Amino acid sequence: MPEGERERRRLERIREMAVRADSHPAALRATAWLRSRLPGDSRFGDALSTAGREGPQVLGRRVSELQPDRASAAHELGLGMLQLWQELSEASGRGRGDERLTILFADLVGFSSWALDAGDEEAVALLRLVGAAAEEAFRDAGGTVVKRLGDGVMATFPSCEQALDAVFDLRDGLAGVEVAGYRPRMRYGIHSGRPRRLGGDYFGVDVNATARIMAAADPDQVLVSNRACAELDGGRFKVGRDKRLKAPGAPDDLRVSAVERA
């Protein structure tokens, strides 16, 4: 047998042994046990946990894309190391659930029905205009866009006052926008809490409550939870009478008020 063929077969046997070891049930159990004991999210690597733009999330997406068509201890071990890195990054200042934030949800009123008649080109043009206005208003107020939700947006701010500054600037900026007869009007919901961070997104009761608050708002109205209103400077904002928010999934004690500039 030629020397080259012997070498090829030797390497093939080594590869087969490595694959068997990598897929051995004992190795898979060991890596699963290790990931469950490591700090951080033991399911790090899925679409939710790797949605952000920080180092662990970017690498997590790349590692997940390399998942072989079989269970792999090496693949899980790599994700485990990224899981630990993600947890250490969060502990150093980008924490999960221990940072108080103000959450904002906003969406366009009547957009879907208008878009059906206006068509895709006009709808996309409108979304680009609104998106650019929102980005500028949120950035100038110190906020961060977390994600876009079709014709809506979720953002976070260090304080309720900053969120309101962004909302009122955005509302002013949209006043002169019109596309194919549609003048964009948004409804806004604001709430303060300690949402759980997962990748580049936030989850938990406070996020759900904010979405419910926004859904209860009228066009151009800004509804703010009583918890967030408690942070406001009474000289800058006018807070309406509070009322209990009756919405599926909302906490029983959640009360909201319409807020305007003073």
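The values are calculated or read from the model by the stated rules, or taken from the named source; none is laboratory data. Please read these numbers as outputs of a predicted model, since none were measured by experiment. Every residue, glycine as well, gets a Cβ built from its backbone with ideal geometry; the counts of neighbours run over all protein chains shown. Just so you know, the surface numbers come from the protein's heavy atoms only, side chains and all, with ligands and any DNA or RNA stripped out. Shrake-Rupley method; radii C 1.70, N 1.55, O 1.52, S 1.80 Å.
Computed with a 1.4 Å probe over protein heavy atoms only, the accessible area of T144 comes to about 70 Å².
Per residue, the chain reaches -15000 deg cm²/dmol at 222 nm when only DSSP H runs of four or more residues are counted, each adding -39500 (n - 2.57).
On a per residue basis, the chain carries 54 Å² of accessible surface, using protein heavy atoms and a 1.4 Å probe.
Each peptide in 165-173, 2-10, 240-248 receives the mean, over its residues, of other Cβ atoms within 10 Å, and ordering these scores from highest gives 165-173, 240-248, 2-10. Kirkwood-type hydrodynamic radius, the chain: 21.4 Å, calculated from all non-identical alpha-carbon pairs. Just the protein heavy atoms count here, and of the accessible area of the chain at 1.4 Å, carbon and sulfur take up 53 percent.
Sorting H24, H191 on solvent-accessible area from highest to lowest, probe radius 1.4 Å, gives H24, H191. Only one residue of P219, V205, A258 has its Cα farthest out toward the positive end of the dipole of the range 180-262, where Lys and Arg carry +1 and Asp and Glu -1 on Cβ, and that residue is P219.
Each peptide among 181-190, 63-72, 128-137 gets the average number of other Cβ atoms lying within 10 Å of its residues, and from highest to lowest they stand as 181-190, 128-137, 63-72. For the range 140-181, the alpha-carbon radius of gyration amounts to 1.30 times the rule-of-thumb value 2.2 N^0.38 Å expected for a compact globular protein.
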